[in-house]
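The structure appears right after this line, and notes come after that.
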Amino acid sequence: MKKISKFLITKRIFILALLGGAVYLASSYLNISIWYIILFGIFTGVIFGKVFCRWMCPIGFMMEMIMGGGNKSQFSSMYQYHKLGCPIAWASGLLNKWSLFRIKINTDTCISCGKCDKECYISSLEPAKFSLYRPEKKKSGDSYSCSKCLKCVAACPNGSLKYKI
Ligand code: SF4
Ligand code: SF4
C-alpha cells in the first residue's frame with residue numbers, strides 16, 4: 001500500500017494530464033456545464049481538500065508545465081498560483097482545514113529531519129509561519145494554499161506523514 005501511494009505521488013503529473021484531459025473533453029465535447037465541474041471540484045474538496053488543482057484540472061496542468069515546482073523561483077510561482085486560483089480552488093482551499101482526508105503526522109515516529117518542509121513550497125517560502133512537523137507552527141497541509149501534491153508525504157523517510165481520514 002505504501003509503495004502504491006508513493007508510486008501515485010511520483011506519477012502525479014501523468015495522472016493530472018489524464019484526468020485534466022478528461023475534464024477538458026467533458027466540458028468541450030460532451031457539453032457538460034462548467035457549473036457541474038465547479039460543483040464536482042467543490043465536492044472533491046469536502047472529501048480530499050484542494051486536490052482538484054494538481055490532480056484533475058486542465059488549467060492546473062498547463063500552469064504546472066509553465067511554472068514547474070523545483071527551484072525557489074518556481075516554488076514562488078506555484079505558491080502565488082495556489083493563492084489566487086479559481087472558484088474551485090477558493091472553496092477547496094478553505095476546506096483543507098476540514099476535509100475528511102488530511103495530512104497527519106505521527107509525532108511518535110517523526111525524527112524531525114525536516115525533509116517534508118524542504119519539499120513543500122509553503123513551508124519553504126514561509127518557514128517562520130508554516131511547518132509540517134513543528135508543533136508550534138501552522139500546519140502547511142491545512143493551509144489554504146496546500147494543493148495536495150503530497151510531496152511531503154513521499155519525502156518522509158519513515159512514513160510519519162500520512163494523507164488519511
Ligand atoms: S501536500 Fe504537502 S508538500 Fe504539497 S503543498 Fe501540501 S503540505 Fe506542501
Ligand atoms: S520528513 Fe517525516 S520524519 Fe522528517 S520531519 Fe517530516 S514528518 Fe518528521
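In table form, for the structure just shown:
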| quantity | calculated |
| --- | --- |
| Coil-residue trypsin sites (Lys or Arg not before Pro) of the range 77-165, DSSP, other Cβ within 10 Å capped at 13 | Lys129 |
| Accessible surface of the chain, 1.4 Å probe, proportion on carbon and sulfur as whole % | 69 percent |
| For the chain, with +1 on Lys and Arg beta carbons and -1 on Asp and Glu, the positive-most of Ser147, Ile37, Ala89 along the dipole | Ser147 |
| Rounded to whole Å, sorted largest first: equivalent-ellipsoid semi-axes of the range 1-72, Cα gyration tensor | 22, 16, 12 |
| Probe 1.4 Å, accessible area per residue of the chain, Å² | 58 Å² |
| Where labels lie 7 Å past Cα in the beta-carbon direction, separation of Lys164 and Leu125 in nm | 3.1 nm |
| Most mobile listed residue (Ala26, Ala154, Ala89) in the chain, GNM with C-alpha springs under 10 Å | Ala26 |
| Among Val51, Val23, Val153: highest mean-square fluctuation, GNM of the chain, C-alpha pairs under 10 Å | Val23 |
| Label-point separation in nm, Ser112 to Glu136, each point 7 Å along Cα→Cβ | 1.0 nm |
| Violating pairs (Cα-Cα greater than 18 angstrom) within the set Lys6/Lys148; Lys3/Lys138; Lys118/Lys151; Lys118/Lys139 | Lys3/Lys138 |
| Between the range 129-165 and the range 32-94, the Cα center-to-center distance that results, in Å | 17 Å |
| Computed helical MRE - 222 nm, the chain, DSSP H runs ≥ 4 contributing -39500 (n - 2.57), nearest 500 | -16000 deg cm²/dmol |
| Lys, Arg +1 and Asp, Glu -1 on Cβ, resulting dipole of the range 2-164 about Cα centre, debye, nearest 20 | 460 debye |
| Fluctuation leader among Ser73, Ser145, Ser124 - the chain, Gaussian network, Cα springs under 10 angstrom | Ser73 |
| Mean shadow area of the range 2-164, taken as a quarter of the surface of its Cα convex hull (nm²) | 9.1 nm² |
| Solvent-accessible surface ranking, highest first, for Met78, Met67 at 1.4 angstrom | Met67, Met78 |
| Rel. contact order, % - alpha carbon contacts under 8 angstrom, at least six apart, the range 2-164 | 25 percent |
| Heavy atoms of Met63: accessible area, 1.4 Å probe, square angstrom to 10 | 50 Å² |
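The values are calculated or read from the model by the stated rules, or taken from the named source; none is laboratory data. This is a predicted model, so every value here is computed, not measured. All Cβ positions, even for glycine, are placed from backbone atoms using ideal geometry, and neighbour counts span all protein chains on display. With ligands, DNA and RNA removed, areas are computed over all heavy atoms of the protein, side chains included. Shrake-Rupley method; radii C 1.70, N 1.55, O 1.52, S 1.80 Å.
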